[in-house]
Amino acid sequence: MTFLTILFNIFYGSLNLRRCQLKSGIVAFAFGKPDYLRANRILAQITSKKALEEKDCPIFTQEDIPLQGENFEIIKNKKGEPPSTLEIAKAAVSWAKRNKINKLIIVSACPHLWRCKRDLSRIIKERQMEIEIQIAEEITKIPQNFWFCPKSHQKRTQKRFNWLIREAIIKIMPFLIYRRIT
């Protein structure tokens, strides 16, 4: 293989060396409040397992994910309320930049996944960063109704119907408006 062929392959994909140099980080989004909810305990377990699989990679999360250990950073609740998905995405991308992370693995409840991914992708694009997004596949194996709990302090995560109504509105809402109200 000639030098020019190697260069061509690096830039156009056949030998994607950038993939070999990915530094992973996990972004774990809670689903409901407080931390003792079944959904948040499962998200914490999946996050911890994924961190070990990824060779003890760092974690960015929120207070309602009950993690043990030291290798994580938490975005704090404000006035007792959890940060919005968009606030978490902004803070996670800043955290990734500070830690030179170029691959983010999303751990979230399945019903919340589309918005976690959309918000992270949007912030990454706005900041003109090159960060790959991956989904923790384990979350897709959990039934949809598992995530909802009447004990949640957030009405939207108590029942699937509440969640679906809210998400339908968010899906059709222009991002500019979504950004202003979150």
- Task: Taking SER152 as the residue in question, decide whether it is of a type outside the set (Val, Ile, Thr) and outside any helix (DSSP H, G or I).
- Result: yes
- Quick one: is SER121 within 21 Å of TYR178 (Cα to Cα), open to solvent by 40 Å² or more (accessible area, probe 1.4 Å) and among the hydroxyl-bearing types (Ser, Thr, Tyr)? yes
- If we ask which residues in the stretch 62-100 are closer than 19 Å to SER24 by Cβ and touching a Ser or Thr at 6+ places or on another chain (Cβ under 7 Å), their number turns out to be 4
- Among the candidates ILE106, ILE131, single out the residue that is under 21 Å from ARG41 (Cα atoms) and in contact (Cβ under 8 Å) with a residue 12 or more places away in the chain. ILE106
- Message: If a residue must be in contact with a strand residue (DSSP E or B) (Cβ under 6 Å, 6 or more places away or on another chain) and open to solvent by 90 Å² or more (accessible area, probe 1.4 Å), how many such residues does the stretch 128-182 contain?
- Response: 0
- Report yes if some residue within the stretch 87-96 is modelled with pLDDT under 95 and surrounded by fewer than 16 Cβ atoms within 10 Å (Cβ to Cβ); otherwise report no. no
- Item | the stretch 62-84 residues that are farther than 23 Å from LYS50 by Cβ and open to solvent by less than 60 Å² (accessible area, probe 1.4 Å), paired with ones that are part of a strand (DSSP E or B) and modelled with pLDDT of 95 or more (beta carbon under 8 Å, 6 or more apart) | ASN77/GLN62
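The values are calculated or read from the model by the stated rules, or taken from the named source; none is laboratory data. Being a predicted model, the structure only gives us computed values, none of them experimental. All Cβ positions, glycine included, derive from the backbone under ideal geometry; neighbour counts span all protein chains shown. These area figures cover heavy atoms from the full protein model, side chains too; ligands, DNA and RNA do not enter into them. Shrake-Rupley method; radii C 1.70, N 1.55, O 1.52, S 1.80 Å.
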